[in-house]
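The block underneath contains the structure these notes are about, expressed in structure tokens.
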Amino acid sequence: MIFRQLYDEETSTYTYLIGDEKTKEAVLVDPVIEQVERDLKLIQELGLTLRYCLETHIHADHITGTGKLRELTGCEGIAPENAKIICANRLMKDGEIFKLGDIEIKAIATLGHTDSHNSYLVNGDRVLTGDSLLIRGCGRTDFQSGNPGLMYDHVTQKLFTISDETLVYPGHDYRGYMVSTIGEEKQYNPRFVGKNRESFIAQMNNLNLPNPNKIAEAVPANQKCGEVESMAKI
């Protein structure tokens, strides 16, 4: 398996490239529109063909590159079940598995940050957690139908029940971390350690964070796979 972690500095967003070495097929997870040229260059250098763009959720902090990549490559856009994305080629349900050559990618519904959010377990040894479980943190729950109780339930009952050795690759990082493990996060993540459901909810309801800079533009654009008026013909 080819696996690459890519970073967008402006929005602190991780994009993941997964490629099958036999079929040379590839999937990009959470692409960023400003990084489309970079991502396509890497895909070409590695001799891969982009077949899918996979979203963990509808993002509020950046505009997805899925629409532009689909236009340029003919790839399919895949999003979580119930995501209000009118242009997705398909939606993935909780527990659903799709294969990319010899690679298995399993959707794990991890709601709370938004009301439609999947993490993706890749070949059973690494999980792409999107904005649900971050390294020593978690995604906020105060907009886009966020729900701190669901966040607590899904992280503790779904992600924290995966093997401790499973690698954790988040959708964002703001402190320079790139990878963790489920075992580390169960032991050291301050959002969850020592918290029960009630105290976690109280904590999340009192973060008082400012809205992402791009939220007014990003959410409606991402419901259309990254299409905004000024970018529709790029």
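Laboratory data are not the source of any read-out in this text; all were calculated from the coordinates shown. Please read these numbers as outputs of a predicted model, since none were measured by experiment. When we count neighbours, we look across all protein chains shown, and the Cβ atoms used for this are built from the backbone with ideal geometry, even at glycine.
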**Study point:** Cα centre as origin, Lys/Arg/Asp/Glu Cβ charges: the chain dipole, Debye
**Key:** 200
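When the convex hull of the C-alpha atoms of the range 1-127 is computed, what volume per residue in Å³ does it have? Write out the running numbers ahead of the final one.
Working: hull volume 12.5 nm³, N = 127.
It comes to 98 Å³ per residue, whole-number rounded.
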Check your understanding: Label ILE2 and LEU46 with points 7 Å out from Cα along Cα→Cβ: what is the distance between them in nm?
Key -> 0.6
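If neighbour count is taken as other Cβ atoms inside 10 Å, put HIS59, HIS172 in order from fewest to most. Could the numbers behind the result be given before it?
On the way: HIS59 27, HIS172 21.
Arranged by neighbour count, lowest to highest, HIS59, HIS172 become HIS172, HIS59.
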Review point. With the dipole of the chain worked out from charges on the C-beta (+1 for Lys and Arg, -1 for Asp and Glu) around the Cα centre, which of CYS87, THR73, THR49 lies farthest toward the positive end?
Key: CYS87
**Study point:** Near-label residues of the range 84-114 by backbone N, under 16 Å of a point 7 Å along Cα→Cβ of THR23
**Key:** 90, 97-107
Check your understanding: Which chymotrypsin sites (Phe, Trp or Tyr not before Pro) does the range 77-149 hold that lie in a coil by DSSP with at most 15 other beta carbons within 10 Å?
Key -> PHE143
Practice item. Between GLU10 and GLN157, take the C-beta separation as r, use R0 = 45 Å, and let me know the FRET efficiency to the nearest 0.05. Key: 0.85
Check your understanding: Relative to the longest principal axis of the chain, what angle (0 to 90°, nearest 10) does the C-alpha long axis of helix 36-45 take?
Key -> 70
Check your understanding: Spin-label point model (7 Å from Cα, Cβ direction): what's the LEU72 to ILE97 distance in nm?
Key -> 3.3
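Taking each pair of different alpha-carbon atoms in the chain once, compute 1/r for the pair, average those values, and report the inverse of that mean as the Kirkwood hydrodynamic radius in Å to one decimal.
Working: mean 1/r = 0.0566 Å⁻¹.
Mean inverse Cα-Cα distance, inverted, gives 17.7 Å.
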